[in-house]
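The values are calculated or read from the model by the stated rules, or taken from the named source; none is laboratory data. Note that the structure is predicted; figures quoted are calculated from it, not measured. Cβ sites come from the backbone with ideal geometry, for glycine too, and all protein chains shown count toward neighbours.
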Amino acid sequence: MVQELVPKERVDDLRRKLKERSNWTDEELDRLSPKQWRFLNSEHKLRHYKIIAEVVRVVDHCELQPKIGDKFVFNAGGMLIPEETTFPMVCLWAIASLFPLSMMIMDRILAGLDPNEMWRDQISCMDSSIRDGGLGNVVFKVYCRKL
């Protein structure tokens, strides 16, 4: 598939915004590839979604004692929204498991596809159940909410 280039006028506008808003230098901007410019041109689409990872099962135990329905809530760019998160604490083992799926979700949003139509929509934390040498395991259903 041939990827269309971002029009020069749009790149100029993005360059100006990145320099003003985020202190990018011309040197850094000159190194960006067409693929990176396509991402920057489309990243505004991420603002229209939240990613929710909701507890659907606790296998054996979890020291944090989450309940079915507890959630991690992120903006679609991957930033945790603490005031909307109901999981008892931020857990590295759960967050790490979410990372690959969050990248797939971002890619679908940027491509204009429905992120909720992915065939893979559940993940489990990286701890394993007691019978598999761990202390417990939490399974999450991951979905997006359009704002």
Pick from LEU29, LEU40: which is in a helix (DSSP H, G or I), farther than 19 Å from MET106 by Cβ and either aliphatic (A, V, I, L, M) or in contact with a Lys or Arg (Cβ under 6 Å, 6 or more places away or on another chain) (or both)? LEU29
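Listed here are the residues, each with its yes/no results for (1) over 27 Å from ILE95 (Cα atoms); (2) at pLDDT 95 or above.
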residue	(1), (2)
MET1	yes, no
LEU5	yes, no
SER22	no, no
TRP37	yes, no
TYR49	no, yes
VAL55	no, yes
HIS61	no, no
PRO66	no, yes
GLY69	no, yes
State all residues of segment 59-87 that are assigned to a loop (DSSP other than H, G, I, E, B), within 10 Å of the chain's Cα centre (by Cα) and surrounded by fewer than 17 Cβ atoms within 10 Å (Cβ to Cβ); if no residue qualifies, say none. GLY77, GLY78, MET79
GLU20 - would you say it is within 24 Å of ALA76 (Cα to Cα), assigned to a helix (DSSP H, G or I) and under 25 Å from the mean Cα position of the chain (by Cα)? no
Answer from VAL90, VAL56 - the residue that is surrounded by 13 or more Cβ atoms within 10 Å (Cβ to Cβ), out of contact with any His (no Cβ under 7 Å at 6 or more places or on another chain) and among the hydrophobic types (A, V, I, L, M, F, W, C): VAL56
